[in-house]
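Q: Here's a structure for you.
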Amino acid sequence: GVLGGSSDISFVKGIMYLGACMPMIIVGYTSAMRQANAAIASINVVAKKPEQFGKAMIFPAMVETYAILALLISLLAVNGITGINI
């Protein structure tokens, strides 16, 4: 199992785990690319206008919010699969 028990799972359950991880795969990758751009832009803003530090730190954090939500969705989906007997 995921956290214990037997390691044997069916093909269908494996596909279900793959599907449960898809939000993190897609949103995590996209969020990482967008967060890199936001962080670079924030560094440029702080270099030119140091008084804008607070605003510059908020933008990458806002992008990270989507990755955290995708992680939560994937964790809940994987947790829901463990109780299914297929």
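The values are calculated or read from the model by the stated rules, or taken from the named source; none is laboratory data. Nothing here was measured: the structure is a model prediction, and the numbers come from that model. Ideal geometry is used to build each Cβ from the backbone, glycine not excepted, and the neighbour counts take in all protein chains shown.
Condition check ((1) over 11 Å from the mean Cα position of the chain (by Cα); (2) at pLDDT 90 or above; (3) among the aliphatic types (A, V, I, L, M)) across all residues:
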| position | (1), (2), (3) |
| --- | --- |
| Met22 | no, yes, yes |
| Gly28 | no, yes, no |
| Ser31 | no, yes, no |
| Val45 | yes, yes, yes |
| Phe53 | yes, yes, no |
| Ile68 | no, yes, yes |
| Asn79 | yes, yes, no |
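Q: Among the residues of segment 27-46, which ones are surrounded by 14 or more Cβ atoms within 10 Å (Cβ to Cβ) and among the polar types (S, T, N, Q)?
A: If the condition is that a residue be surrounded by 14 or more Cβ atoms within 10 Å (Cβ to Cβ) and among the polar types (S, T, N, Q), then Thr30, Ser31, Gln35, Ser42 are the ones that fit.
Q: Does Met16 count as buried (at least 16 other Cβ atoms within 10 Å of the Cβ), on the phi < 0 side of the Ramachandran plot and either in contact with a strand residue (DSSP E or B) (Cβ under 6 Å, 6 or more places away or on another chain) or in a helix (DSSP H, G or I) (or both)?
A: Taking the combined requirement at face value, the residue satisfies it.
Q: Given the criteria touching a residue at least 24 places away in the same chain (Cβ under 8 Å) and outside any loop (DSSP other than H, G, I, E, B), does Val45 qualify?
A: no
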